[in-house]
1. Are any of the residues in segment 311-329 surrounded by fewer than 24 Cβ atoms within 10 Å (Cβ to Cβ), aliphatic (A, V, I, L, M) and out of contact with any strand residue (DSSP E or B) (no Cβ under 8 Å at 6 or more places or on another chain)?
2. Filter segment 277-303 down to the residues that are in contact with a helix residue (DSSP H, G or I) (Cβ under 9 Å, 6 or more places away or on another chain) and closer than 19 Å to Glu239 by Cα, then identify the one that is surrounded by the fewest Cβ atoms within 10 Å (Cβ to Cβ).
3. Does segment 353-370 contain at least one residue that is closer than 20 Å to Gln101 by Cα, out of contact with any Cys (no Cβ under 9 Å at 6 or more places or on another chain) and of a type in the set (Val, Ile, Thr)?
4. Take Glu226 and decide whether it is more than 26 Å from the chain's Cα centre (by Cα), without any contact (Cβ under 8 Å) to a residue 60 or more places away in the chain and outside any loop (DSSP other than H, G, I, E, B).
5. If you go through segment 330-350 one residue at a time, how many are crowded, with 21+ Cβ neighbours inside 10 Å and either among the small types (Gly, Ala, Ser) or farther than 30 Å from Lys229 by Cα (or both)?
6. Have a look at Pro32, Pro55, Pro20, Pro69 and point out the one that is without any contact (Cβ under 8 Å) to a residue 60 or more places away in the chain and not basic (Lys, Arg).
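The values are calculated or read from the model by the stated rules, or taken from the named source; none is laboratory data. Here the structure is a predicted model, which is why all the values come from computation and not from measurement. As a convention, Cβ positions derive from the backbone with ideal geometry for all residues, glycine included, and neighbour counts pool all protein chains shown.
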Amino acid sequence: MEDGTLYSKRKGFTPLHVPPLKEYAKIVGEEPIKKLEEVSERLSGMKMLDLSSTPYGGGVAEMLHSSVPFLNSIGIDDEWKVIKGSKEFFEVTKTMHHLLQGKKGKLTAEDEKIYFSAIKENVALDIIDYEPDVVFVHDPQPLALARELKRGDVRWIWRCHIDIDEVALRRNPRLWDFITYWAEAFDAAIFTAAYFVISQWPLPKFIIPPFIDPLSEKNREMSEDEIQKELEKEDIDTEKPILSQISRFDHWKDPEGVVSIYKKVKEKEECQLILAGSFASDDPEGERVYKELKETTRDDKNIHILCECPDSCINAIQRASSVILQNSKKEGFGLTVTEAMWKGKPVVARPAGGIALQIRDGHTGFLVNGEEEAVKRILHLLRDPKKRDVVGKRARRYVKEHFLLPVRIVDYLLAADFINRTKEIPEESIISFHPWFKISKRVW
Ligand code: UDP
């Protein structure tokens, strides 16, 4: 809608659809669905609002496309709205994103001014035109809205999806002061992993990982025939083994490194590489990275740089791949890793950020430090289909247990309810629903 609304029952705007719960039960079993029903019944009528900065491209949009209609279908009134921002604003928020993930540099006074004036514009647009119980603000772009818009009993939660680094943040006092000032206005924050938690912020903090929707177009089962057809549309030879990385065109995902790994593998084993990427409206760098990649790989017919493929095509590429790479140097979680694992694929990845929560090295995938290790591992896997199969099966099981929408969404509901009902939570609280969640140190 004109005002940035992507989903609102109140406004009669519900363009996204969701399969019935019984379809999910066939995948995750009856028990988790029963738990979900109990919680949603208890919280029925709770009004939630999600605020994010892009309707497409990237993991946040991917999750909200599924979770917002899903929550509405189980009686939780969840709306989704996207903030407005100019190219200049998103250049600044991308710089913020880089700095928060530990890149050296600084936010200038001019950057801060651009950021704040875009926030003011959103405030003036009356971005919250009703009274939800809980507002979820996703990532740093809309961060300042809480301080500007908090009214009455509405509770505000910041959901940090990025590979945020407290040590780096503390090394940059100006950025620390800037971010902390906005963050302090929230009632709580949610981080993906214990090692992302900004311990010195005076807020209760939750640790909840993201999830994928097993019934979305991106993840649903596909027949061999369908996969074949999708790949033919992109002129991909289905006889030749495929290595792939699916990711926004972003230097943090190191697609240049993937090309280099592929070239070394190719010297020893026949294969082809697919780099499928997308742009997000809040990421102004994507096009530059895409053009560079196109230019530097144009002489190799076995490298396919694909852009803005539909979800069915991404699904098919993941399913047709022999090995999937995630060469990220920083990674909030890496839904692409989850998606690949769910499809029973061996993922070879750097242990960056949230990837280490998903891949247990040698068990549910492979963690590699550097190009040489990656090449060696991929060559082993290309030559050993049985190993690919065994690891792939364990990967799928792991995702089923921990990272599927109907299972994990309960944590978000409990967090929202907890913050909504409990007004006096000690600021230093760290709340995790995961006894299995043992990694407390960064691996990378
Ligand atoms: N994605 C896509 N098409 C592409 C590249 C990525 O649909 O060409 C999707 C991908 O399948 C995943 C999301 O974008 O669902 C990326 O989420 P992730 O957490 O991996 O990374 P982010 O982009 O949020 O850093």
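1. There is no residue in segment 311-329 that is surrounded by fewer than 24 Cβ atoms within 10 Å (Cβ to Cβ), aliphatic (A, V, I, L, M) and out of contact with any strand residue (DSSP E or B) (no Cβ under 8 Å at 6 or more places or on another chain).
2. Per the stated criteria, the residue is Asp300.
3. Checking segment 353-370: at least one residue is closer than 20 Å to Gln101 by Cα, out of contact with any Cys (no Cβ under 9 Å at 6 or more places or on another chain) and of a type in the set (Val, Ile, Thr).
4. no
5. Qualifying residue count, segment 330-350: 8.
6. Sole residue among the options that is without any contact (Cβ under 8 Å) to a residue 60 or more places away in the chain and not basic (Lys, Arg): Pro20.
So that you can scan it fast, the table gives a plain yes or no per residue for (1) in a helix (DSSP H, G or I); (2) aromatic (Phe, Trp, Tyr); (3) within 13 Å of the ligand (Cβ to nearest atom):
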residue: Arg319; (1), (2), (3): yes, no, yes
residue: Ala340; (1), (2), (3): yes, no, yes
residue: Ala352; (1), (2), (3): no, no, yes
residue: Phe366; (1), (2), (3): no, yes, no
residue: Leu379; (1), (2), (3): yes, no, no
residue: Lys386; (1), (2), (3): yes, no, no
residue: Asp389; (1), (2), (3): yes, no, no
residue: Arg394; (1), (2), (3): yes, no, no
residue: Asp417; (1), (2), (3): yes, no, no
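A quick yes/no check of all residues on (1) of a type in the set (Val, Ile, Thr); (2) assigned by TED's automatic domain parsing to the domain that holds Glu339; (3) in a helix (DSSP H, G or I); (4) at pLDDT below 95:
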site	(1), (2), (3), (4)
Trp252	no, yes, yes, yes
Gly257	no, yes, yes, no
Tyr262	no, yes, yes, no
Glu267	no, yes, yes, no
Leu275	no, yes, no, no
Ala280	no, yes, no, yes
Asp283	no, yes, no, yes
Glu287	no, yes, yes, yes
Leu293	no, yes, yes, no
